[in-house]
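Have a look at the structure below before the remarks.
Only the coordinates and a few stated rules stand behind these numbers; no lab work does. All of these numbers come straight from a predicted model, not from anything done at the bench. Please note: Cβ atoms are built from the backbone with ideal geometry, for glycine as well, and neighbour counts cover all protein chains shown.
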Amino acid sequence: MSNEGFVTLFPVIIGLSVVLFSLGVIGVLIRRNAIIIFMSVELMLNAANLAFIAFARSFNQIDGQVFVFFVMVVAAAEVAVGLALIVAIFRTKRSINVDDLSQLKG
């Protein structure tokens, strides 16, 4: 893509990133299902990745792309640990509703 084409597309990409991040925040704040909360966090991470890639492309730097790679690695590890915790909690409580997990307080 030419630089002129990207200049016109840049605000659209950043706007999409803002919309995706906002949907993730709303999902974390409103929903009570642990799986949907994890999906919303992943949506927020992907929105940040999209913004990193857009800014890296606009400034002709590779730093943003390298940072996205590390964010994706951490997100994959977070999903693996998070889903393992959700499965373990579901086996004991038979619910993945976040409000029902208040009994875990020590």
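In what sequence do VAL73, VAL68 fall when counting other Cβ within 10 Å, fewest first? Walk me through the numbers before you get to the answer.
Working: VAL73 10, VAL68 19.
The most exposed by this proxy come first: VAL73, VAL68.
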Burial ordering of LEU29, LEU50, LEU16, fewest other beta-carbon atoms within 10 Å first: LEU29, LEU16, LEU50
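If the chain between ILE35 and VAL79 were fully stretched, how many nm would it gain, using 0.36 nm times the residue separation less the Cα-Cα distance?
On the way: separation 44, 0.36 × 44 = 15.84 nm, distance 1.01 nm.
My answer for the length gained is 14.8 nm.
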Give me the mean projected area, in nm² to one decimal, of the convex hull enclosing the Cα positions of the chain. 7.9 nm²
